[in-house]
1. Given the condition among the small types (Gly, Ala, Ser), closer than 25 Å to ALA40 by Cβ and buried (at least 24 other Cβ atoms within 10 Å of the Cβ), answer yes or no: does some residue in segment 308-328 qualify?
2. It is to be established whether one or more residues within segment 322-334 are hydroxyl-bearing (Ser, Thr, Tyr) and either under 25 Å from ILE191 (Cα atoms) or more than 14 Å from the chain's Cα centre (by Cα) (or both).
3. Just to be sure, is TYR205 of a type in the set (Phe, Trp, Tyr) and within 14 Å of the chain's Cα centre (by Cα)?
4. Report those strands (runs of 3 or more DSSP E) wholly inside segment 240-286 carrying at least 3 residues which are acidic (Asp, Glu) and more than 16 Å from LEU33 (Cα to Cα).
5. How many of the residues in segment 119-158 are under 26 Å from GLY301 (Cβ atoms) and not in a loop (DSSP other than H, G, I, E, B)?
6. Just to be sure I understand, how many residues within segment 200-223 are under 15 Å from ALA245 (Cβ atoms) and free of Cβ contacts under 8 Å to residues at least 12 places away in the same chain?
7. Condition check: loosely packed, with under 14 Cβ neighbours inside 10 Å and basic (Lys, Arg). Does LYS178 satisfy that?
8. Suppose the filter is touching a residue at least 40 places away in the same chain (Cβ under 8 Å) and either over 17 Å from TYR48 (Cβ atoms) or of a type in the set (A, V, I, L, M, F, W, C) (or both); does ALA239 pass it?
Amino acid sequence: MNRSMLSACLAALALSGAAASAGAAPATGPSGLKVVARIAGPDGGWDYASFDPARRRVYVAHGDSVMAIDVDSGKVNANFAAGAHLHAVVPVPGTDLIVTTNSGDNTARVLAAADGKLIASIPTAKGPDGATFDPSTGLVMVIDGDSGEVTMVDAKAGKAVGSIKVGDSLEFPAADGKGRLYINVEDKNEIAVVDIAARKAIARYPLGDCHGPTGLALVAGNRLISACANGVAKILDAATGRVIASLKIGARPDSVLYDETRGFAYIPSALTGTLAVIALSGEHDNAIVGTVATQVGTRTGAVDPKTGKIYLPAAQFQPAVAGHRPAPKPGTFEVLVLGR
């Protein structure tokens with residue numbers, strides 16, 4: 001999430017009473033999901049979370065440190081790796097490498113997956129934020145949201161191998177593994193379609209009443225799911241941009257989580273403290289089949305493809321002070337675990 005959107009989100013959280021107690025476990029909803037555990041972590045803000053299936057870890061971009069959770073043992077390493085205003089943590093498949101994005105010094109950092117040791121620090125354009133691995137090139141695509149560019153990172157070589165100018169304020173990406181990269185364009189309410197080989201944007205898909213798109217996922221059936229700040233999500237045909245469904249979700253989401261194994265997508269929304277459960281097959285295909293109570297402030301997360309458990313970073317917030325972002329309350333940061 002870029003800085004302007006994060007400020008707006010945090011301010012809204014403070015006004016919504018985000019400091020409410022998080023002690024009660026929500027009841028099970030129609031999806032069968034409920035909060036089954038809470039994993040405490042150190043104070044500080046956060047952005048995206050990701051799951052590393054090879055090492056069975058959840059990574060959380062947590063301020064200036066990567067937090068790593070071993071999901072099988074429950075062991076937490078709150079300082080797995082250092083960063084500078086971290087946003088994304090991307091495990092690179094088939095390697096022992098991880099790439100992080102750092103807007104504090106405008107870099108993508110290549111880390112050793114074994115111990116978080118820094119291997120390379122790669123300059124990017126301004127505001128590196130969301131990122132994704134592209135199977136067609138073997139590169140990590142880093143979205144430089146403030147500059148409207150994509151930095152193409154070769155983690156194995158420890159360097160950037162090119163950039164793509166897209167324009168406008170960019171948010172999260174999704175790659176199809178066949179040479180296309182899709183990126184939410186937050187300030188234009190669009191999805192940009194990028195031809196990676198040609199290194200240029202070739203189309204824009206309008207999102208209509210879906211305003212401030214942040215989270216994005218490419219799911220089965222070549223469908224895109226985009227989640228927007230105003231509490232609307234769109235499902236589109238990735239090939240044409242045709243809108244397949246328009247869904248009402250909670251306000252201020254920042255990610256779309258895809259559980260390919262079970263055929264669901266999940267959208268956590270910060271302002272309402274809810275998780276929308278979207279069916280991607282069967283009788284209720286392309287529809288919300290459940291809304292699970294989580295906690296105000298939950299907006300990003302990761303899914304364990306083996307167990308189906310969902311991991312959502314969260315915290316309570318202090319009242320806003322004029323001219324400043326509302327800060328997380330000390331001692332309240334945790335990762336919610338949802339299971340069936």
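The values are calculated or read from the model by the stated rules, or taken from the named source; none is laboratory data. Please read all numbers here as calculations on a predicted model, not as lab measurements. Methodologically, a virtual Cβ is constructed for each residue, glycine included, from the backbone with ideal geometry; neighbour enumeration extends over all protein chains shown.
1. We begin by selecting, within segment 308-328, every residue among the small types (Gly, Ala, Ser); these are 308, 314-315, 320, 322-323, 327.
Restricting the remaining residues to those that are closer than 25 Å to ALA40 by Cβ gives 308, 314-315, 320, 327.
Checking which are buried (at least 24 other Cβ atoms within 10 Å of the Cβ) leaves us with 314-315.
Yes; the residues of segment 308-328 include at least one that is among the small types (Gly, Ala, Ser), closer than 25 Å to ALA40 by Cβ and buried (at least 24 other Cβ atoms within 10 Å of the Cβ).
2. If we filter segment 322-334 for residues that are hydroxyl-bearing (Ser, Thr, Tyr), which is where we start, we get 332.
Among the residues that remain, those that are also either under 25 Å from ILE191 (Cα atoms) or more than 14 Å from the chain's Cα centre (by Cα) (or both) are: 332.
Within segment 322-334, one or more residues are hydroxyl-bearing (Ser, Thr, Tyr) and either under 25 Å from ILE191 (Cα atoms) or more than 14 Å from the chain's Cα centre (by Cα) (or both).
3. Values: of a type in the set (Phe, Trp, Tyr): yes; within 14 Å of the chain's Cα centre (by Cα): no.
Answer is no for this residue.
4. Values: elements: 243-248, 257-259, 264-269, 274-279.
Correct list: empty, since no element meets the threshold.
5. 16
6. The number of residues fulfilling the criteria is 0.
7. Values: loosely packed, with under 14 Cβ neighbours inside 10 Å: yes; basic (Lys, Arg): yes.
So LYS178 fits the description; yes.
8. Criteria not met by ALA239.
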